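These notes concern the structure reproduced below.
The values are calculated or read from the model by the stated rules, or taken from the named source; none is laboratory data. Remember, it's a predicted structure, so these values are computed and weren't measured experimentally. No Cβ is skipped: glycine too gets one built from the backbone with ideal geometry, and neighbour counts run over all protein chains shown.
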Amino acid sequence: MNEIRYIKPRKGEYLMHNTVRWLTKRGMSLMGSRVLYVRGRKSGELRSNPVNLLTVDGQEYLVAPRGVTQWVRNLRAAGEGELQVGRRSERFRAIELGDDEKPVLLREYLKRWKWEVGIFFDGVDASAPDEKLREIAPGYPVFRVAAVS
């Protein structure tokens, strides 16, 4: 089966997303939150979305807990974006990871944000065996954030 996984936000979640985006734009990062800016693949307009920036061994990653969202599709098409917190802004190149690279990152993501995103992981948590994390990996796009020089 080659089903594309996507969990659409519920109505009440838009208020939370907009609040996190508003706070982050004003310099109040909530546990690593950033505002992701990426060009729309069809419109060409700049789109924004709050994201959690995961740092593992000094490297930064973006994980899409809802699956293949619009920001994921746009980032795949554009290949680059910008992360902002307050007045600090960082342009980056997005390098999508293969499924075999994801288990350790999904585990770290769940350790840090399970309280926020656990609902999107169908009962899988940070204590899951590597095999289970590898099994679910295709449904969770992960990008390495590479600085643009």
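Listed by first and then second residue, the pairs linking a residue in the range 25-42 that is touching a residue at least 40 places away in the same chain (Cβ under 8 Å) and at positive phi to a residue that is of a type outside the set (Val, Ile, Thr) and assigned to a strand (DSSP E or B), with Cβ atoms under 6 Å apart and 6 or more places separating them unless they lie on different chains, are 32/52; 32/53.
Screening the candidates 67, 139 for the property of being farther than 23 Å from residue 45 by Cα, in contact (Cβ under 8 Å) with a residue 60 or more places away in the chain and either of a type in the set (Val, Ile, Thr) or touching a strand residue (DSSP E or B) at 6+ places or on another chain (Cβ under 6 Å) (or both) yields one hit, 139. Just for the range 54-97: of the residues that are more than 20 Å from residue 109 (Cα to Cα), assigned to a strand (DSSP E or B) and small (Gly, Ala, Ser), which one is nearest to the chain's Cα centre (by Cα)? Taking the candidates together, the pick is 81. Note on the range 6-30: among residues that are surrounded by 11 or more Cβ atoms within 10 Å (Cβ to Cβ) and hydrophobic (A, V, I, L, M, F, W, C), the one that is modelled with the highest pLDDT is 7. Residues that are over 14 Å from residue 54 (Cα atoms), surrounded by 12 or more Cβ atoms within 10 Å (Cβ to Cβ), basic (Lys, Arg) and in contact (Cβ under 8 Å) with a residue 12 or more places away in the chain do occur in the range 92-112.
Selection of the range 107-132 for residues being under 22 Å from residue 8 (Cα atoms), touching a Lys or Arg at 6+ places or on another chain (Cβ under 9 Å) and not in a loop (DSSP other than H, G, I, E, B) yields 117, 120, 121. State whether one or more residues within the range 46-53 are surrounded by 12 or more Cβ atoms within 10 Å (Cβ to Cβ) and not in a strand (DSSP E or B). There is no residue in the range 46-53 that is surrounded by 12 or more Cβ atoms within 10 Å (Cβ to Cβ) and not in a strand (DSSP E or B). Before we move on, is residue 94 over 13 Å from residue 144 (Cα atoms), modelled with pLDDT of 95 or more and small (Gly, Ala, Ser)? So residue 94 fails the test.
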